[in-house]
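This report refers to the structure that appears directly beneath it.
The values are calculated or read from the model by the stated rules, or taken from the named source; none is laboratory data. Please read these numbers as outputs of a predicted model, since none were measured by experiment. Neighbour counts run over all protein chains shown; Cβ positions are idealised from the backbone, glycine included.
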Amino acid sequence: MDNKELQSHATEIRKNIIKMVTSAQSGHPGGALSGTDLITVLYFEEMKIGPENVGSYDRDRFVLSKGHASALLYGVLAEKGLLDKALLPSFRHTGSPLQGHPNMNYVAGVDMSTGSLGQGLSAAVGMALANRLDQKDHRVYVLLGDGECEEGQIWEAAMAAAHYQLDNLCAILDFNGLQIDGDITAVMNPTPFDQKFKAFGWNVVEINGHDYDEIRAAYAQARQCKGKPTLILAHTIKGKGVSFMENQAGWHGTAPSLEQCEQALKELEGK
Ligand SMILES: Cc1ncc(C[n+]2csc(CCOP(=O)(O)OP(=O)(O)O)c2C)c(N)n1
Ligand SMILES: [Mg+2]
């Protein structure tokens, strides 16, 4: 797929993120927008997943460890044709399958229920191990937040993944520099990520998380790396694509007003 097509899917997903959070008047736009380009390339180029195999055991898996970015997951599943777009306006409403934190029992294509930060990498390690025991060759991908890496469980899972040489596991770290209360280095500094993951025995690839060529190359490198799990350390901008949300911790978990929603959609449409 060429970069223009990827860009057009990413724009659709970003618009749907804004619409969902506005319709619910709650949710997490900042971290959903920062991860959009990474996850667009993942679903549209890298993962073997589509309407034909979504129910199959043998397909690639994705764990949204930073489960608060659920609007991104629902957005990409809908864009890929795995989720009915008509459901998106019910995001975070009572009775909707599209809860604020993704529930694998409600939505086909949600591969792990997440939201309590720190747990998704452990789940992905389990999936990757099971996969090997079953002699299957599908791959497991997991999106981590940088603030999330302040959780100790992340590092236990990182240790286990390298110990078991899980080269079928690829973690993507959405390195936007901010968590709920501001700068990650001020809250509880989890950096330097590259040195830490390397010391834990991982293959580390550092990229610009909004550059499609770099994202594509990083997924290919991860696939080719043998004997180690891969971390894609992706530098991103929280709130990417909406000028007044970019790099603002205040937009971590705030819903736009109707006027702000309109302005954001105009910007995303390039008007
Ligand atoms: C165990 C746990 N503690 C606290 C929270 C509340 N919480 C939700 S999002 C968030 C910050 C996450 O920051 P980061 O991982 O950097 O996410 P991103 O910037 O990608 O949105 C926190 C503390 C939670 N969901 N789970
Ligand atoms: Mg962050």
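Starting from residues that are farther than 13 Å from PRO89 by Cβ and within 16 Å of the chain's Cα centre (by Cα), keep the ones in the range 14-28 and report whichever is surrounded by the most Cβ atoms within 10 Å (Cβ to Cβ).
ARG14
Does the range 157-183 hold any residues that are in contact (Cβ under 8 Å) with a residue 40 or more places away in the chain, part of a helix (DSSP H, G or I) and surrounded by fewer than 24 Cβ atoms within 10 Å (Cβ to Cβ), and which are they?
Answer for the range 157-183, where residues must be in contact (Cβ under 8 Å) with a residue 40 or more places away in the chain, part of a helix (DSSP H, G or I) and surrounded by fewer than 24 Cβ atoms within 10 Å (Cβ to Cβ): MET159, ALA162.
Could you tell me which residue of the range 106-131 is surrounded by the most Cβ atoms within 10 Å (Cβ to Cβ), considering only residues that are within 16 Å of ligand 2 (Cβ to nearest atom) and assigned to a helix (DSSP H, G or I)?
The residue in question is GLY120.
Quick one: in the range 132-147, of everything that is over 12 Å from the mean Cα position of the chain (by Cα) and among the charged types (D, E, K, R), which residue is surrounded by the most Cβ atoms within 10 Å (Cβ to Cβ)? Steps first, answer last, please.
Filtering the range 132-147 for residues over 12 Å from the mean Cα position of the chain (by Cα) gives 132-140, 147.
Checking the rest, the ones that are also among the charged types (D, E, K, R) come to 132, 134, 136-137, 139.
Numbers: ARG132: 16, ASP134: 11, LYS136: 13, ASP137: 11, ARG139: 22.
Filtering first and then ranking leaves ARG139.
Taking the range 209-233 on its own, how many of its residues are over 22 Å from ALA160 (Cβ atoms) and within 16 Å of ligand 2 (Cβ to nearest atom)?
2
What helices (runs of 4 or more DSSP H), lying completely within the range 3-99, carry at least 1 residues that are more than 16 Å from ligand 1 (Cβ to nearest atom)?
Where helices (runs of 4 or more DSSP H) fall fully within the range 3-99 and carry at least 1 residues being more than 16 Å from ligand 1 (Cβ to nearest atom), they are 3-24, 36-41, 70-79.
Scan (1) more than 26 Å from GLU45 (Cα to Cα); (2) among the hydroxyl-bearing types (Ser, Thr, Tyr); (3) outside any loop (DSSP other than H, G, I, E, B) for the single condition SER243 breaks and write down its number.
(3)
Each row is one residue, and each column tells you yes or no for (1) under 20 Å from HIS101 (Cα atoms); (2) away from ligand 2 (no atom under 16 Å from the Cβ); (3) modelled with pLDDT under 95.
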position	(1), (2), (3)
ILE17	yes, no, no
THR22	yes, yes, no
GLY27	yes, no, no
GLY35	yes, no, no
LEU42	no, yes, no
GLU46	no, yes, no
GLY55	no, yes, yes
ASP58	no, yes, yes
ARG61	yes, yes, no
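Taking the range 184-205 as the region of interest, how many residues are under 12 Å from LEU173 (Cβ atoms), assigned to a helix (DSSP H, G or I) and away from ligand 2 (no atom under 13 Å from the Cβ)?
3
When residues of the range 65-95 are filtered for being in contact (Cβ under 8 Å) with a residue 40 or more places away in the chain and touching a Pro at 6+ places or on another chain (Cβ under 6 Å), how many remain?
2
Which number in (1) more than 15 Å from ligand 2 (Cβ to nearest atom); (2) surrounded by 23 or more Cβ atoms within 10 Å (Cβ to Cβ) marks the one condition that THR236 misses?
THR236 satisfies every listed condition except (1).
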